[in-house]
Amino acid sequence: MLKERYELLELIGRGGFAETYRAVDHLVNRYVAIKVSTTSLQHEAHVLRTLEHVPYIAHIYDYFADNGKEYLVMRLIKGTSLARRTKAGENPVTVEEIIRGLPTLLTALDQIHRRGIIHRDISPGNLMLTPGGAIYLLDFEAVKLVEHAVIIQLISIFAVLGAADVHRVV
């Protein structure tokens, strides 16, 4: 039990620096996602707090440190990552599902860009397809805060270079 309220139930994701668990918050009786790391999650927590009104991202509920680990408690998004859906032998994602979910992802990206935030890790593992067809943007560890004018310049550069070169510029 963490903070006398959070109970970790099962591992649902693993990245380079953190693990994410499905958990229950006994104080308010709801399921949550808890990201656990031995490296700092403070920057990600700060960014997520500024995005509390942005749709199609996992909103933050709590952040704390305990026994050399940091914890980020977020809304649990029900669905499957695009990475998992693209693995061989599983239910493959269809073009129709992507087309149906793309407006939700673009809404999230538009809102975070308007706030001067660049995600920098948009990959199948960080995109969650929900049963309702929405695509949620997850994992804000690698975000970069920039001025709005810089974002406009980067969009212009991306248009010239093409999407394959985005990670070299940002």
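Relative contact order (percent) for the range 82-129, with alpha-carbon contacts under 8 angstrom and 6 or more residues of separation?
58 percent
How much of the accessible area of the range 41-122, in percent, comes from carbon and sulfur atoms when a 1.4 Å probe is used?
Values: 2340 of 4640 Å².
The C+S portion of the solvent-accessible surface of the range 41-122 is 50 percent.
Taking the Cα centre as origin and putting +1 on Lys and Arg beta-carbons and -1 on Asp and Glu beta-carbons, what dipole magnitude results for the range 53-117, to the nearest 20 debye?
80 debye
Does a label point 7 Å from the Cα of E19, set along Cα-to-beta-carbon, have any residues of the range 30-56 with amide nitrogen under 14 Å, and which are they?
34-39
Go ahead and run the numbers for FRET between E96 and L145, Cβ-Cβ distance against an R0 of 41 Å, rounding to 0.05.
According to the calculation, E is roughly 0.70.
Go through the range 58-75 residue by residue and turn each phi into a ³J(HN,Hα) via Karplus (6.51, -1.76, 1.60, θ = phi - 60°); whole Hz please, and just put x for glycine and proline.
For the range 58-75, the Karplus-derived couplings read 7, 6, 7, 10, 7, 8, 7, 10, 7, 6, x, 10, 10, 10, 10, 9, 9, 4 Hz, x marking Gly and Pro.
Can you give me the accessible area per residue for the range 19-118, using a 1.4 Å probe, in Å²?
Roughly 55 Å² per residue, with all protein chains present.
Less than 20 Å apart at the alpha-carbon level, and either on another chain or at least 8 residues along: which lysines does that give for K78?
Here the lysines satisfying the reach criterion relative to K78 are K35, K87.
Sort the following peptides by mean Cβ neighbour count (other Cβ atoms within 10 Å, averaged over residues), highest first: 118-124, 72-78.
Highest-to-lowest ranking by the protection proxy: 72-78, 118-124.
Just to be sure I understand the model, the point goes 7 Å from the Cα along the line to the Cβ. What's the resulting D121 to A65 distance in nm?
1.9 nm
How would you rank 45-54, 4-13, highest first, on the average number of other Cβ atoms within 10 Å across their residues?
Numbers: 45-54: 15.6, 4-13: 13.4.
In descending order of packing, they fall as 45-54, 4-13.
Pop a pseudo-label 7 angstrom from the Cα along the beta-carbon direction at both T86 and R5 and give the gap in nm to one decimal.
3.7 nm
The values are calculated or read from the model by the stated rules, or taken from the named source; none is laboratory data. Nothing here was measured: the structure is a model prediction, and the numbers come from that model. Reconstructed Cβ throughout: ideal geometry from the backbone, glycine too, with neighbour counts over all protein chains shown. Heads up: the accessible areas ignore ligands, DNA and RNA and are worked out on the full protein's heavy atoms, side chains in. Shrake-Rupley method; radii C 1.70, N 1.55, O 1.52, S 1.80 Å.
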